[in-house]
Amino acid sequence: MVVKEIPLHENLSMENRSTNAATPTTTTTFSRSGRHYSLSLTTAVLLVSFFICTLLAVGFIVYNFATCAQLQAEAGEEIICTSVHRNKPKSSQDDGAPKYDRDVRLPRSIRPLKYNITLEPLLSGNFSFTGSVQIRIRVLEDCYNITMHAEELNISRSDAAVHRVLPGGELDGDSLRIHKQYLVGAKQFFVIELYDKLLRGGEYVVHLRFDGIIQDFLQGFYRSSYEVHNETRWVASTQFQATDARRAFPCFDEPALKANFTLHIARPRNMTTVSNMPIVSTQDHPTIPNYVWDHFAESLPMSTYLVAYAISDFTHISSGNFSVWARADAIKSAQYALSVGPTILTFLQDFFNTTFPLPKIDMIALPEFQAGAMENWGLITFRETAMLYDPGVATANNKQRVVSVVGHELAHQWFGNLVTPSWWSDIWLNEGFASYMEYLTADAVAPEWKQLDQFVVNELQTVFQLDALSTSHQISHEVYNPQEISEIFDKISYAKGSTIIRMMAHFLTNPVFRRGLSKYLKEMAYNSATQDDLWHFLTNEAKSSGLLDRSRSVKEIMDTWTLQTGYPVVKLSRHPNSNVVRLEQVRFVYTNTTREDESLLWWIPITFTTAAELNFANTRPTTWMPRTKTYELENRNLSTAKWFIFNIQQTGYYRVNYDPDNWWAITSHLMDEKHFEEIAPANRAQLLDDVMNLARGSYIPYETAMNLTRYLGHELGHVPWKAASSNFIFIDSMFVNSGDYDLLKNYLLKKLKRVYDQVGFHDSQGESEDILLQLKRADILAVACHLGHQECISEASRHFQNWVQTPNPDANNPISPNLRGVVYCAAIQYGSEYEWDFAFDRYLKTNVPGEKDLLLSALGCSKEPWLLYRYLRRSVAGQHIRKQDLFRVFAAVSSTVVGQQIAFDFLRNNWQEINAYMGSQMSHIHTLFKFATKRFNSKFQLSEFENFVKDARWDYGRPVQQIVEQIETSVDWMNRNYKSIVKWLQNEERA
Ligand SMILES: [Zn+2]
């Protein structure tokens, strides 16, 4: 799954916080106008209470991997609801605690083999569906219970039946005698208790009939709609990862419980259904007029969360057995995905040396989709912006995103679908791997984009910030209930996962890495696996290639990265009069080091180059720093070098700190306009990011860091500038409420001058121009306009006014697509209600998904409090702004100093309603609060948040702890560093 869907760079507002913020309006409408459906506030509150109760109860039930016999003792419990809060999650390292106190796993006594599912959905009226399922199971130990998952389904008790499979393969005519059937709401279990014993080794078939509602939450089996000439068209589709297949049919909903699925789905004659497998036959529905049945081919063994189907009136285009689907008036924009999809598929088959096992692939762009995309086997679902690309209208960024997301999801077809993590704790393997492959597949499709160079700034350096908090978590992380499972689809799993896989690919070398993977995929196909299984195959390959000596294993190395939280900083120092360089490792944190953090140690691959060698190509480690606090490296070239740089291309997941002399020598080299480019761009980005963060964490004085940034005056590289701007965004967000913001602004504008002049405010329309230059321009102009660059702002308003005066602005937009983000934001930021309303009208009228995103982000740039309140209110009204886009709106509003407080107030007053509107997953609300508190840096703001958490009676779990730590760190940062940076900037201005 691709979850990230937030703009890459923020549009920070440069003025001081407005002190007269308007009172928030608290009325929030939760009904959708028109005839289709409405959800009253009362219903919403009831729903949210129900969900919260369910979630809370989950935490209370002790469930020790029960066998059937044990489960009997708990029989009779229905939905258990208490008003008490869930316990604070225990650390998985806490060995004394009971391990499964939040566990909601199925008993291991039964294994599903085959599912035969029929579904009859109504795509109008009350959107109900009826269905039946026959599940063939094998019994692994004698028991009296069949326990499976079901959620929000009515299962007909009178139709339930269990038949034994006779030795000849026939079903026994008599059903086993059923004692009772009941739900265990807190575990989302449906249990059939029998009088007759299920015998170990025996096979049985369970028959169930059920019905449910095609929900409007974007999970399970859900509906969405779009308009054609003011007529509403409905789409019914699925999103099952992680734990929502159980909302569509009763099933054994755990990733390791793979089975073959055969689906039969009814639909209106004028629509189409696509699913994981191709349709075998279609026949008229005997009772519903104008309905037909589609019968799909049986799938290969797969996990429940990968089952998918979508019913729509979409059209498609195909290339061989690869098809893309979209609404008819957008299908032209699917051409690009269709042109890159098969190329990537071929690349991956070659990379894994394993043939794609399914007969076809469909990709479909859905009008409403929570994540970015989902890798269902053979039917990949997307939100429109992640699959549709309209040349000439969409941005270069949008084009790259399509390629990345398609690459990500296709990589999952092997890594995740063919071989699946045994449990969600290992989801990082799936997501880390797919996120890493995004870069390789994009490089295969368009090498001129130099995507591999972008990796350090897009993935590694962004997750470095989160992983430096002491409330971060280890990447391979125990999770138990659905709430925790949904929370683990986070940056740690994706970005840290991809970064340590990249590190491994570099230390194993590409051929060895690929051979190991290929053997793993072949050996474990149609099965589930743990990270240890992968380490096993990679170790074998590394040893047979002589890369690792007998006593070492990939597991020994990688466990230090996956089973420990955080990452190290390696401090290097030279010994006078010797050939020894001393390495010392310690966990990198911003503040609050605990003793536990200090004892963490890693196996660290060491690469380096010197001022004399300037070799930034060799990323294979010349040595390893073992799991010891200090290590001495004897190397005459190093000890006598003018300077050295460790961690070539930043392939290792660690920071590097040097002694003052080495920092000074590197800085001098960077200051040399003729020679600074001898240091590779990725390493220039590394130096900037390391030095700024080392200062932020008080490992070195800010003076050292700020001195190094002086060289930016002649830096023209995109990747180093990305590293610099993301670091200055942090300082900017701390300074923006201070009286010295002008010092920072003037310094940065001075440094930006040359690169601004190079990119200019002109973007040649069309495809001919260098895409890297287009991307760099968009980033540099965003920073310049944000800082109040005069020309940038006046150019932006001029472009916007041109558009305003264009006849029929919906059909004719004279602004080049790559400049639109900057132009819209600046025009709305410095404009009035008029500009805002003009942009909102264009948002309503445009049919281009990427353009809608740009406008939604820009609408948050306003400085007018009432406009921002109105905007937030509209985002949850369910009328003009899609549910899937709520995050974008909140991220945009939270990204300015005015908007942030407004977003916080709005959330504080309306979080329960928003939670109900979004379908009750608390992780959504946590994310919104993360946006709104990002630049909190005073004790007062900290207590505001903490008081809110107390009043709302929230569980003080990891997401809340992370927000609190983030704010505490910023408060602390202000106390420690603000004055010294001001002093440095004053000196710089005088110089
Ligand atoms: Zn994924």
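The values are calculated or read from the model by the stated rules, or taken from the named source; none is laboratory data. Just so it is clear, the model here is predicted, and its values are computed rather than measured. Cβ coordinates were reconstructed from backbone atoms using ideal geometry, including for glycine residues, and neighbour counts include every protein chain displayed.
Does any residue of segment 294-306 turn out to be within 29 Å of the chain's Cα centre (by Cα) and part of a strand (DSSP E or B)? Within segment 294-306 (the criterion being within 29 Å of the chain's Cα centre (by Cα) and part of a strand (DSSP E or B)), the answer is yes, since at least one residue qualifies.
Quick check on Leu638: is it more than 34 Å from the chain's Cα centre (by Cα), in contact (Cβ under 8 Å) with a residue 12 or more places away in the chain and part of a strand (DSSP E or B)?
On the way: more than 34 Å from the chain's Cα centre (by Cα): yes; in contact (Cβ under 8 Å) with a residue 12 or more places away in the chain: yes; part of a strand (DSSP E or B): no.
Taking the combined requirement at face value, the residue does not satisfy it.
Look at (1) within 15 Å of Leu985 (Cα to Cα); (2) more than 29 Å from the chain's Cα centre (by Cα) and you find that Asp732 fails only one, number (2).
Of Arg874, Arg953, all but one fail to be surrounded by fewer than 23 Cβ atoms within 10 Å (Cβ to Cβ) and on the phi > 0 side of the Ramachandran plot; the exception is Arg953.
State whether the residues of segment 319-340 include one that is under 29 Å from Ala259 (Cβ atoms), more than 16 Å from the ligand (Cβ to nearest atom) and within 24 Å of the chain's Cα centre (by Cα). Within segment 319-340, one or more residues are under 29 Å from Ala259 (Cβ atoms), more than 16 Å from the ligand (Cβ to nearest atom) and within 24 Å of the chain's Cα centre (by Cα). Is there a residue being closer than 25 Å to Val589 by Cβ and touching a Phe, Trp or Tyr at 6+ places or on another chain (Cβ under 6 Å) anywhere in segment 443-456? The answer is yes; a qualifying residue exists.
Sub-6 Å Cβ pairs linking a first residue in segment 778-797 that is free of Cβ contacts under 8 Å to residues at least 40 places away in the same chain and closer than 20 Å to Val736 by Cβ to a second residue that is surrounded by fewer than 22 Cβ atoms within 10 Å (Cβ to Cβ) and of a type in the set (Ser, Thr, Tyr), at least 6 apart or interchain, are Ala784/Tyr756, ordered by first then second residue.
Would you call Leu868 surrounded by fewer than 22 Cβ atoms within 10 Å (Cβ to Cβ), over 26 Å from the mean Cα position of the chain (by Cα), assigned to a helix (DSSP H, G or I) and at pLDDT 90 or above?
Against the criterion (surrounded by fewer than 22 Cβ atoms within 10 Å (Cβ to Cβ), over 26 Å from the mean Cα position of the chain (by Cα), assigned to a helix (DSSP H, G or I) and at pLDDT 90 or above), Leu868 does not qualify.
Taking the criterion of being under 18 Å from Cys251 (Cβ atoms), β-branched (Val, Ile, Thr) and outside any loop (DSSP other than H, G, I, E, B), the residues of segment 172-224 that qualify are Val184, Val191, Ile192, Val205, Val206, Ile213. Here Glu484 meets each of (1) under 30 Å from Phe261 (Cα atoms); (2) surrounded by fewer than 20 Cβ atoms within 10 Å (Cβ to Cβ); (3) of a type in the set (D, E, K, R) with one exception, condition (2).
Only residues that are closer than 16 Å to Leu772 by Cα and either in contact with a His (Cβ under 9 Å, 6 or more places away or on another chain) or among the aromatic types (Phe, Trp, Tyr) (or both) were counted across segment 458-475, and they come to 0. Looking only at segment 127-182, residues that are without any contact (Cβ under 8 Å) to a residue 60 or more places away in the chain and crowded, with 16+ Cβ neighbours inside 10 Å come to 11 in all. Do you know which residues across segment 183-223 are small (Gly, Ala, Ser) and surrounded by fewer than 21 Cβ atoms within 10 Å (Cβ to Cβ)? Scanning segment 183-223 gives Gly185, Gly201, Gly202. Kindly evaluate Phe129 against the criterion of being under 30 Å from Gly919 (Cα atoms) and in contact with a Gly (Cβ under 9 Å, 6 or more places away or on another chain). It is true that Phe129 is under 30 Å from Gly919 (Cα atoms) and in contact with a Gly (Cβ under 9 Å, 6 or more places away or on another chain).
All conditions in (1) closer than 26 Å to Tyr654 by Cβ; (2) in a helix (DSSP H, G or I) hold for Ile700, with the sole exception of (2). Of the residues making up segment 490-538, those that are assigned to a helix (DSSP H, G or I), charged (D, E, K, R) and under 30 Å from Ser923 (Cβ atoms) are Lys491, Lys496, Arg502, Asp532, Asp533. The set of residues from segment 914-928 being at pLDDT below 85, touching a Lys or Arg at 6+ places or on another chain (Cβ under 9 Å) and of a type outside the set (A, V, I, L, M) comprises just one member, Gly919. Has segment 298-306 got any residue that is closer than 28 Å to Asn270 by Cβ, more than 16 Å from the ligand (Cβ to nearest atom), buried (at least 18 other Cβ atoms within 10 Å of the Cβ) and not basic (Lys, Arg)? Checking segment 298-306: at least one residue is closer than 28 Å to Asn270 by Cβ, more than 16 Å from the ligand (Cβ to nearest atom), buried (at least 18 other Cβ atoms within 10 Å of the Cβ) and not basic (Lys, Arg). Please work out if Ala256 is in contact with a strand residue (DSSP E or B) (Cβ under 8 Å, 6 or more places away or on another chain), in contact (Cβ under 8 Å) with a residue 40 or more places away in the chain, part of a loop (DSSP other than H, G, I, E, B) and assigned by TED's automatic domain parsing to the domain that holds Leu123. So Ala256 fits the description; yes. Here Arg550, Arg574 are screened, and the one residue that is of a type in the set (D, E, K, R) and touching a residue at least 40 places away in the same chain (Cβ under 8 Å) is Arg574.
Reported count of residues in segment 843-865, each being part of a helix (DSSP H, G or I) and in contact with a Phe, Trp or Tyr (Cβ under 9 Å, 6 or more places away or on another chain), is 9. For segment 357-378, taking the residues that are in contact with a Ser or Thr (Cβ under 6 Å, 6 or more places away or on another chain) and crowded, with 24+ Cβ neighbours inside 10 Å, the one that is nearest to Pro255 (Cα to Cα) is identified as Met374. Scanning segment 499-527 for residues that are touching a Phe, Trp or Tyr at 6+ places or on another chain (Cβ under 8 Å) and of a type outside the set (A, V, I, L, M) yields Thr499, Arg502, Arg514, Gly516, Ser518, Lys519, Tyr520, Glu523.
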